[in-house]
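Scroll down for the structure; my scribbles are underneath it.
The values are calculated or read from the model by the stated rules, or taken from the named source; none is laboratory data. A quick note: this is a predicted structure, and the numbers were derived from the prediction, not measured. Note: ideal-geometry Cβ built from the backbone for every residue, glycine included; neighbour counts use all protein chains shown.
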Amino acid sequence: MATPNGVIGVGSSLASLWVIGTMIPTLAVGVRRLRDAGRRWTELFWLLIPIAGLIVMAIRMSEPSKA
(Lines give C-alpha, C1' and ligand atoms only; values in the text may rest on other atoms or scores of the structure.)
Protein backbone atom coordinates (compact mmCIF):
# COMPACT_ATOMS: atom_id res chain seq x y z
CA MET A 1 0.00 0.00 0.00
CA ALA A 2 1.32 3.44 -0.86
CA THR A 3 1.72 5.86 1.99
CA PRO A 4 2.07 9.66 1.90
CA ASN A 5 5.85 9.16 2.23
CA GLY A 6 5.89 7.14 -1.00
CA VAL A 7 6.66 3.83 0.70
CA ILE A 8 5.05 0.74 -0.81
CA GLY A 9 4.17 -2.09 1.52
CA VAL A 10 5.30 -5.66 0.94
CA GLY A 11 1.75 -6.97 0.52
CA SER A 12 0.90 -4.78 -2.44
CA SER A 13 4.28 -5.44 -4.05
CA LEU A 14 3.72 -9.19 -3.87
CA ALA A 15 0.17 -8.81 -5.16
CA SER A 16 1.43 -6.81 -8.13
CA LEU A 17 4.04 -9.45 -8.94
CA TRP A 18 1.39 -12.16 -8.70
CA VAL A 19 -0.92 -10.31 -11.12
CA ILE A 20 1.86 -9.75 -13.64
CA GLY A 21 3.09 -13.33 -13.28
CA THR A 22 -0.33 -14.87 -13.88
CA MET A 23 -1.69 -12.45 -16.48
CA ILE A 24 0.54 -13.58 -19.36
CA PRO A 25 -0.18 -17.33 -19.01
CA THR A 26 -3.89 -16.60 -18.60
CA LEU A 27 -3.94 -14.56 -21.80
CA ALA A 28 -1.99 -17.30 -23.58
CA VAL A 29 -4.54 -19.92 -22.55
CA GLY A 30 -7.38 -17.65 -23.66
CA VAL A 31 -5.79 -17.07 -27.06
CA ARG A 32 -5.17 -20.80 -27.48
CA ARG A 33 -8.77 -21.64 -26.60
CA LEU A 34 -10.16 -19.06 -29.02
CA ARG A 35 -7.90 -20.33 -31.79
CA ASP A 36 -8.99 -23.92 -31.14
CA ALA A 37 -12.62 -22.81 -31.46
CA GLY A 38 -11.87 -21.16 -34.81
CA ARG A 39 -12.05 -17.59 -33.53
CA ARG A 40 -9.59 -14.71 -33.69
CA TRP A 41 -7.44 -13.74 -30.70
CA THR A 42 -8.71 -10.17 -30.91
CA GLU A 43 -11.99 -11.31 -29.37
CA LEU A 44 -10.21 -11.15 -26.01
CA PHE A 45 -10.90 -7.43 -26.12
CA TRP A 46 -14.49 -8.27 -25.16
CA LEU A 47 -13.11 -8.57 -21.63
CA LEU A 48 -12.72 -4.79 -21.53
CA ILE A 49 -16.50 -4.42 -21.36
CA PRO A 50 -17.38 -4.87 -17.66
CA ILE A 51 -20.21 -7.42 -17.42
CA ALA A 52 -21.25 -8.18 -20.99
CA GLY A 53 -17.65 -8.97 -21.93
CA LEU A 54 -17.44 -11.75 -19.38
CA ILE A 55 -20.69 -13.26 -20.62
CA VAL A 56 -19.60 -13.09 -24.26
CA MET A 57 -16.21 -14.64 -23.49
CA ALA A 58 -17.77 -17.43 -21.42
CA ILE A 59 -19.97 -18.33 -24.39
CA ARG A 60 -17.10 -18.07 -26.88
CA MET A 61 -14.74 -20.20 -24.79
CA SER A 62 -17.32 -22.91 -24.21
CA GLU A 63 -17.77 -23.56 -27.94
CA PRO A 64 -16.46 -26.91 -29.22
CA SER A 65 -13.10 -27.07 -30.95
CA LYS A 66 -12.89 -27.08 -34.71
CA ALA A 67 -10.88 -29.69 -36.57
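Within the set of pairs 6+ apart or on separate chains, which have a first residue in the stretch 11-28 that is of a type in the set (Ser, Thr, Tyr), a second that is not in a helix (DSSP H, G or I), and C-beta atoms under 8 Å apart?
From the stretch 11-28, the pairs are SER12/MET1; SER12/ALA2.
Quick check on this structure: which one of LEU17, LEU34, LEU47 is at pLDDT below 90 and either out of contact with any strand residue (DSSP E or B) (no Cβ under 8 Å at 6 or more places or on another chain) or surrounded by 11 or more Cβ atoms within 10 Å (Cβ to Cβ) (or both)? Walk me through it before giving the result.
Numbers: LEU34 fails: at pLDDT below 90; LEU47 fails: at pLDDT below 90.
Sole residue among the options that is at pLDDT below 90 and either out of contact with any strand residue (DSSP E or B) (no Cβ under 8 Å at 6 or more places or on another chain) or surrounded by 11 or more Cβ atoms within 10 Å (Cβ to Cβ) (or both): LEU17.
Go through the stretch 50-67 residue by residue and tally those that are polar (S, T, N, Q) and surrounded by 10 or more Cβ atoms within 10 Å (Cβ to Cβ).
Applying the first criterion (polar (S, T, N, Q)) to the stretch 50-67 yields 62, 65.
Now restrict to residues that are surrounded by 10 or more Cβ atoms within 10 Å (Cβ to Cβ): none.
Counting residues in the stretch 50-67 that are polar (S, T, N, Q) and surrounded by 10 or more Cβ atoms within 10 Å (Cβ to Cβ) gives 0.
Any residue at all in the stretch 31-38 that is on the phi > 0 side of the Ramachandran plot and out of contact with any Cys (no Cβ under 6 Å at 6 or more places or on another chain)? I'd like the intermediate steps shown before the answer.
Here is the first cut: in the stretch 31-38, the ones on the phi > 0 side of the Ramachandran plot are 38.
If we keep only those that are out of contact with any Cys (no Cβ under 6 Å at 6 or more places or on another chain) as well, we get 38.
Yes, the stretch 31-38 contains at least one residue that is on the phi > 0 side of the Ramachandran plot and out of contact with any Cys (no Cβ under 6 Å at 6 or more places or on another chain).
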